[in-house]
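**Q** Could you have a look at this structure, given as structure tokens, before my questions?
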Amino acid sequence: MVNMVETRVGQVAYSDGGQGPVVVLLHATLHDRRDFDAIVPGLLHDHRVIALDWPGHGDSPAPAPSYAPAAAAFADALADVVTALDLPPAAFIGNSVGGFAAARLAITDPQRVSRLVLVNAGGFTASPITNLYCRTLGTPAVMKRVLPRSIRSYMKATSENDYAVQERALARAHTQDGVILTAALWRSFAAPEYDLRPHADRITAPCLVVWGSKDTAIPMRLGRSTAAAIPGSRLEVLPTGHVPFSSDPAGFLAIAAPFLAAARGSVQ
């Protein structure tokens, strides 16, 4: 069942099932909440699982006219969803831009976040070179040329779920709206507010960083720098592409489930 919640950015679609401590799942650019299908059944045994579609993704309509697609806008939407649903302190599993949004919430509203799982996440990788790269890909003409090839490259698809994820992203990549949306998000990755490193010491929730070592969008060296930026975080590596929970759901849950279980009992 698809639910809708109003945010300042526009309507956000989400699924909501199970009982127990809350886990919120946040997907990557041009993807949707179904990326997590391979791990949701395992999480539902012990958790209430909420999975969002970012504005303009999946079942969510395009952002409101006053909001351009941007990482910071998605983080705003997440803050509004958490407030509107009146969630207790929750665990957040954020992939790529979803990791940025989850980490920003942990910085700006720490009482909302019980655990943080950052999966090939953005927000801790800014540099003059990466900013130039993001601005270049933020040009729609460039993005249109490279996007389909980039998706296949960073996915490193191996599983049935991987190929389903890849095909959905490729279908969007071949539309004008998909190209414009993705280009706008990549431009936003070069904005000063995308760099969370100056505020990383404000993350008080226990943090697990999980990285797919074969990712070409946010490569392994940036996984190490992400973990180094967040005090007390732990880095775990899986031999996958950009979406480890899809490529190796059993391996991902073997790492993430015990981490999430440590909060059980204190978060209801």
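No lab work stands behind these numbers, since they all come straight from the coordinates. Keep in mind that what you see is a predicted model, and the values were worked out from it rather than measured. Neighbour counts run over all protein chains shown; Cβ positions are idealised from the backbone, glycine included.
**Q** Can you give me the P(r) profile for the chain? Cα pairs, bins 10 angstrom wide beginning at 0, each as a whole percent.
**A** 7, 34, 41, 17, 1, 0
**Q** Something else about it: Exposure proxy check: Phe259, Phe92 ranked by fewest other beta carbons within 10 Å?
**A** Phe259, Phe92
**Q** Find, to one decimal place in angstroms, the Kirkwood hydrodynamic radius of the range 173-239, where the mean of 1/r is taken over every pair of different Cα atoms and then inverted.
**A** 13.9
**Q** Can you give the calculated 222 nm mean residue ellipticity of the chain, where each DSSP H run of n ≥ 4 adds -39,500 (n - 2.57) and the sum is split over every residue, rounded to the nearest 500 deg cm²/dmol?
**A** The helix-only estimate for the chain comes to -12500 deg cm²/dmol at 222 nm.
**Q** Calculate how many DSSP beta bridges within the chain are antiparallel, expressed in % of all such bridges and rounded to the nearest 5.
**A** Restricted to the chain, the bridges split so that about 30 percent are antiparallel.
**Q** Rounded to whole Å and ordered largest first, report the semi-axes of the equivalent ellipsoid of the range 27-174 derived from its Cα gyration tensor (root of 5λ).
**A** Semi-axis lengths for the range 27-174 are 25, 20, 15 Å.
**Q** Considering the options Met1, Gln166, Gly58, tell which one lies farthest towards the positive end of the dipole of the chain, charges being +1 on Lys and Arg and -1 on Asp and Glu at the Cβ, about the Cα centre.
**A** Gln166
**Q** At 10 °C and 1.306 mPa s, what whole-number value in µm²/s does Stokes-Einstein give for the translational diffusion of the range 101-191, with Rh from the Kirkwood sum over Cα pairs?
**A** 107
**Q** What is the fewest-to-most order of Tyr194, Tyr163 by other Cβ atoms lying within 10 Å of their Cβ? Don't skip to the end; give the middle numbers.
**A** Details: Tyr194 22, Tyr163 13.
With the sparsest Cβ surroundings first, the list reads Tyr163, Tyr194.
**Q** Would you mind counting up the charge near Leu235? Only other residues with Cβ under 13 Å from its Cβ, with Lys and Arg at +1 and Asp and Glu at -1.
**A** Value of the local net charge: +2.
**Q** So, in Å, what gap is there between the alpha-carbon centers of the range 74-112 and the range 207-268?
**A** 17
**Q** Could you tell me which residue out of Ala190, Ala70, Val210 lies farthest along the dipole of the chain toward its positive end? Charges go on the beta carbon: Lys and Arg +1, Asp and Glu -1, centred on the Cα centre.
**A** Ala190
**Q** What fraction of the Cα pairs in the range 112-260, stated in percent, has a spacing above 23 angstrom?
**A** Value for the range 112-260: 41 percent of Cα pairs lie more than 23 Å apart.
**Q** Related question: How high is the relative contact order of the range 166-268? Use alpha-carbon pairs under 8 Å, at least six apart in sequence, and give a whole percent.
**A** 21
**Q** Can you sort Val179, Val97, Val243 so the residue with the fewest Cβ neighbours within 10 Å comes first?
**A** Result, fewest neighbours first: Val179, Val97, Val243.
**Q** Given the alpha-carbon gyration tensor of the range 1-94, what are the semi-axes of its equivalent ellipsoid in whole angstrom, ordered largest first, with each equal to the square root of 5 times an eigenvalue?
**A** Here the semi-axes work out to 22, 14, 11 Å.
**Q** Quick check: Cα centre of the range 7-30 to Cα centre of the range 45-66, how many Å?
**A** 5
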